[in-house]
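Notes to accompany the following structure.
The values are calculated or read from the model by the stated rules, or taken from the named source; none is laboratory data. Note that the coordinates shown come from a computational prediction; the quantities given were computed from them, not determined experimentally. Backbone-built Cβ (ideal geometry, glycine too); neighbour counts: all protein chains shown. For accessibility, only protein heavy atoms count, side chains too; no ligands or nucleic acids. Shrake-Rupley method; radii C 1.70, N 1.55, O 1.52, S 1.80 Å.
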Amino acid sequence: MKIIEVNDYQEMSKQAADYISNRVRKLPSLTLGLSTGGTPLGLYKNLIEDYKENHTSYQKVKTFNLDEYVGLAQTNPNSYRYYMNDIFFNHINIDKSKTNIPRGDVDDVEREALDYEQLIERSGGVDIQILGIGSNGHIGFNEPGTSFDSKTHIVELATSTREANARFFNNLEEVPTRAITMGIATIMKSKEILLLISGESKKEALANLMFGEIHEGFPASILRNHPAVTVIVDKAAIAESKVH
Ligand code: GLP
């Protein structure tokens, strides 16, 4: 893993955006793996600014999002489809038909998971996967205990994850209990991974990622076995962890 240490959230977001926009300019038909949550908000904001200033084109870019809540319509502001359109896709020249997010609002979500995995494979796989990390080490919505061999699947969300995400909803009861997510093996197949870690609440997760054992109890630990992971981490997440 290549670790890039930055001062704060702003710097992390800017560096991540430079990394991605440079790659899109080099390979305009890049396939990007995208994530949601609080962490990548600044990255998307910087990418939109770059698009406006430097006209980086997303016309040929294809995207696959990591995950989606089960049971939320795409028009629900808490669905990840809504988030992606609102926060990023509506502000750049991407062809929405090339943007893929698992559907959590279909009758047969198990079927959807199988289809999504195949779709990624048939399209030639993800070139760069952007990742955040949950404080319990989850990546995508793969909670502790998820098999490292897992493909896109349906998961029950941990209470800690629902509590962490309740800030986006009116209350905890509204947070869905299930999600559809790329599996750990799906994520590991991407050619390159860009992991963003910011803030004090991720201190323990960072320390576990760097120094803990590689095991299914801490899903992100598997990333240490991936040949091309870059981690951009800010000082708040490093402070008092044993990174130094
Ligand atoms: C969420 C998402 C993940 C995200 C993580 C951290 O539940 N499913 O993709 O990386 O948890 O979220 P945040 O960036 O808001 O801390």
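Of the accessible area of the chain, with the probe set at 1.4 angstrom, what percent is carbon plus sulfur? Here it works out to 48 percent.
Within the chain, the percentage of alpha carbon pairs spaced more than 33 angstrom apart rounds to 11%. Counting only aspartates and glutamates at least 8 places from Lys14 when in the same chain, those with an alpha carbon closer than 16 Å to its own are Glu5, Glu49, Asp50, Glu53, Asp234.
The Cα-based radius of gyration of segment 54-174, divided by its Kirkwood radius, gives an Rg/Rh of 0.96. For segment 29-82 and segment 102-161, what is the centre-to-centre distance using only Cα atoms, to the nearest Å? Cα centroid of segment 29-82 versus Cα centroid of segment 102-161: 16 Å apart. Listed values for segment 230-239 are Karplus-derived 3J(HN,Hα) couplings in whole Hz (6.51 cos²θ - 1.76 cosθ + 1.60, θ = phi - 60°), namely 10, 10, 9, 10, 9, 4, 4, 6, 7, 2, and x replaces Gly and Pro.
The amide H of Val70, built 1.01 Å from its N in the peptide plane, has Arg178, Ala179, Ile180 as neighbours under 5 Å, considering only residues 5 or more places off or on other chains.
Are there chymotrypsin sites (Phe, Trp or Tyr not before Pro) in segment 159-232 that DSSP marks as loop and that have at most 16 other Cβ atoms within 10 Å, and which are they? Loop-located and lightly packed - Phe169. Return the long-range amide H neighbours of Asn65 (sequence gap of 5 or more, or a different chain), with a cut-off of under 5 Å between placed amide H atoms. Amide H to amide H, under 5 Å and 5 or more residues apart or across chains, Asn65 pairs with Leu34, Asn100, Ile101. Between the C-alpha center of segment 174-235 and that of segment 1-27 there is a gap of 17 Å. Just to confirm, what accessible area per residue do you get for segment 2-243 at 1.4 Å probe, in whole Å²? For segment 2-243, the solvent-accessible area averages 44 Å² per residue. Label positions at Gln118 and Lys26, each projected 7 Å from the Cα along the C-beta direction, are separated by 3.4 nm. Please find, in a Gaussian network model of the chain (springs between Cα atoms separated by less than 10 Å), the residue of Asn142, Asn208, Asn54 whose mean-square fluctuation is greatest. Result: Asn54 has the largest fluctuation of those listed.
Label sites at His91 and Ser147, each approximated as a point 7 angstrom past Cα along Cα to Cβ, lie 4.0 nm apart.
Potential lengthening of the chain between Arg111 and Ala239 amounts to 41.7 nm, from the contour at 0.36 nm per residue minus the alpha-carbon distance. Cross-linked pairs Lys189/Lys235; Lys45/Lys235; Lys45/Lys203; Lys60/Lys202: Cα-Cα separations exceed 27 Å for Lys189/Lys235; Lys60/Lys202.
Met1 exposes around 80 Å² of accessible area when a 1.4 Å probe is run over every protein chain in place.
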